[in-house]
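Engineer: Let me give you the structure first, and then I'll get to my questions.
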Amino acid sequence: MKTEQISPDTRRAWEKLHRRLMAEGLIPAREATARNRVLLPLVRIAAVALLLMGFTALIYFLAGRKPAVEMVNLNTGNETGTLVKTLADGSVIYIAQNSSFSYPVEFESGSRNVELKGEAFFDIAPDPEKPFIIETKEATITVLGTAFDVRTGNGKGFELLVDRGTVSVTLKNDPSQSERVTAGEKVSATDETLMVSKQANDETASWYRQRMHFKDELLGNIIIVLNRNFNTTFVLADDEVGMHRMTVTFQDESPETITQLICVTLNLRSQTIHGAVVLSESKEGAVRN
């Protein structure tokens, strides 16, 4: 069978006719279909790309947001005495009655921020990389490592007595009012003005040692506070002994009474070695001095 060949003149004629039909819109369906076959995959790719961009932006947004800081609130009632709390950094806070103290479960990098309403004595562990910042209604207190008594009347008065170290105090209503207070000095807010003066002999803070209450506190932390404030030298035989938790109140007890109370409550034994009371585990529960 002989195949008929299309001459160049015939091919040019068909191309001319095709262009005319295209110009007059007589054959759009086939061309549109072809275009759709090309465009639809591109549209799908663009949609996926937009979704990925949105998802990526959401991840960056969530990663950039700071998680809410989990706070612990300690409130004391009318009961006389001091609630003693040791923070994760080793700082010890003595909270007076009718007071409120708030602190984060974990301190953020760069600073240690807490809040106080009422009165508390602060014994701050030094950390040059993380200033300790106390927010009261009247002032902001900034320290690195020191001990001082803060008395705030929740907007009705403010006083701070420094036991050791240096403390910076800035009024919230007037940040230009800022003072650095050193050991033996006190600062008070009078008519929205900070006044620095010497402490009187009877103003030295000692109230926090008179009746100390520990609530579900680690024995290791309790021992540090007792040795710091009383004529005692307690030593733990090992770190595991210090992991015992205890709720207890000490008021005018002798070192011997304190030792017996700890040992009986936690089933420990004590030995006096070179003047130090060493606390260790006791299987029998006996107390030996």
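Engineer: Please go through (1) within 20 Å of V84 (Cβ to Cβ); (2) of a type in the set (D, E, K, R); (3) buried (at least 16 other Cβ atoms within 10 Å of the Cβ) for D127 and return the number of the only condition it doesn't satisfy.
Structural biologist: Among (1) within 20 Å of V84 (Cβ to Cβ); (2) of a type in the set (D, E, K, R); (3) buried (at least 16 other Cβ atoms within 10 Å of the Cβ), D127 violates only (1).
Engineer: Is it the case that some residue within region 182-192 is in contact with a Leu (Cβ under 9 Å, 6 or more places away or on another chain), among the hydroxyl-bearing types (S, T, Y) and under 17 Å from I95 (Cβ atoms)?
Structural biologist: No, region 182-192 has no match at all.
Engineer: State which residue is surrounded by the fewest Cβ atoms within 10 Å (Cβ to Cβ) when the search covers only region 228-275 and only residues that are touching a Lys or Arg at 6+ places or on another chain (Cβ under 7 Å) and not β-branched (V, I, T). Step through it out loud before you land on a result.
Structural biologist: Let us first name the residues in region 228-275 that are touching a Lys or Arg at 6+ places or on another chain (Cβ under 7 Å), namely 229, 247, 249, 251, 263, 269-271.
Now restrict to residues that are not β-branched (V, I, T): 229, 251, 263, 269-271.
On the way: N229: 17, Q251: 11, C263: 21, R269: 18, S270: 22, Q271: 13.
Out of the qualifying residues, it is Q251.
Engineer: Which residues, taken from region 174-214, are small (G, A, S) and in contact with a strand residue (DSSP E or B) (Cβ under 7 Å, 6 or more places away or on another chain)? Don't jump to the end; show me each part of the working.
Structural biologist: Restricting attention to region 174-214, the residues satisfying the condition of being small (G, A, S) are 176, 178, 183-184, 188-189, 197, 200, 205-206.
Passing the criteria: S178, A183, G184, S188, A189, S197, A205.
Engineer: Taking L236 as meeting all but one of (1) closer than 18 Å to G90 by Cβ; (2) in contact (Cβ under 8 Å) with a residue 60 or more places away in the chain, write down the number of the exception.
Structural biologist: Status for L236: all satisfied but (2).
Engineer: When you check I258 against the structure, is it in a helix (DSSP H, G or I), in contact with a Ser or Thr (Cβ under 8 Å, 6 or more places away or on another chain), closer than 29 Å to N75 by Cα and not aromatic (F, W, Y), yes or no? Even if it seems obvious, please write down each step before you answer.
Structural biologist: Details: in a helix (DSSP H, G or I): yes; in contact with a Ser or Thr (Cβ under 8 Å, 6 or more places away or on another chain): yes; closer than 29 Å to N75 by Cα: yes; not aromatic (F, W, Y): yes.
When the stated conditions are applied, I258 passes them.
Engineer: Tell me, yes or no, whether region 264-286 has at least one residue that is outside the structural domain of L161 (by TED's automatic domain parsing), closer than 27 Å to F121 by Cβ and of a type in the set (K, R).
Structural biologist: No, there is no match, as no residue in region 264-286 is outside the structural domain of L161 (by TED's automatic domain parsing), closer than 27 Å to F121 by Cβ and of a type in the set (K, R).
Engineer: Follow-up. Do any strands (runs of 3 or more DSSP E) entirely within region 145-227 hold 2 or more residues that are β-branched (V, I, T), loosely packed, with under 15 Cβ neighbours inside 10 Å and within 26 Å of the chain's Cα centre (by Cα), and if so, which? Write out each step before concluding.
Structural biologist: On the way: elements: 147-152, 158-164, 166-171, 178-182, 185-190, 193-198, 212-218.
By residue number, no strands (runs of 3 or more DSSP E) qualify.
Engineer: So which of E119, E192, E138 ends up being assigned by TED's automatic domain parsing to the domain that holds S100 and on the phi > 0 side of the Ramachandran plot? Can you show your working first?
Structural biologist: Values: E119 fails: on the phi > 0 side of the Ramachandran plot; E138 fails: on the phi > 0 side of the Ramachandran plot.
After applying the criteria, what remains is E192.
Engineer: Just checking: which of the strands (runs of 3 or more DSSP E) contained wholly in region 24-129 hold 2 or more residues that are farther than 15 Å from Y208 by Cα and at pLDDT 90 or above? First the steps, then the outcome.
Structural biologist: Working: elements: 71-75, 82-86, 92-95, 100-104, 112-117, 119-123.
Ranges flagged: 71-75, 100-104, 112-117.
The values are calculated or read from the model by the stated rules, or taken from the named source; none is laboratory data. Note that the coordinates shown come from a computational prediction; the quantities given were computed from them, not determined experimentally. Heads up, the Cβs are rebuilt from the backbone with ideal geometry, glycines too, and the neighbour counts pull from every protein chain shown.
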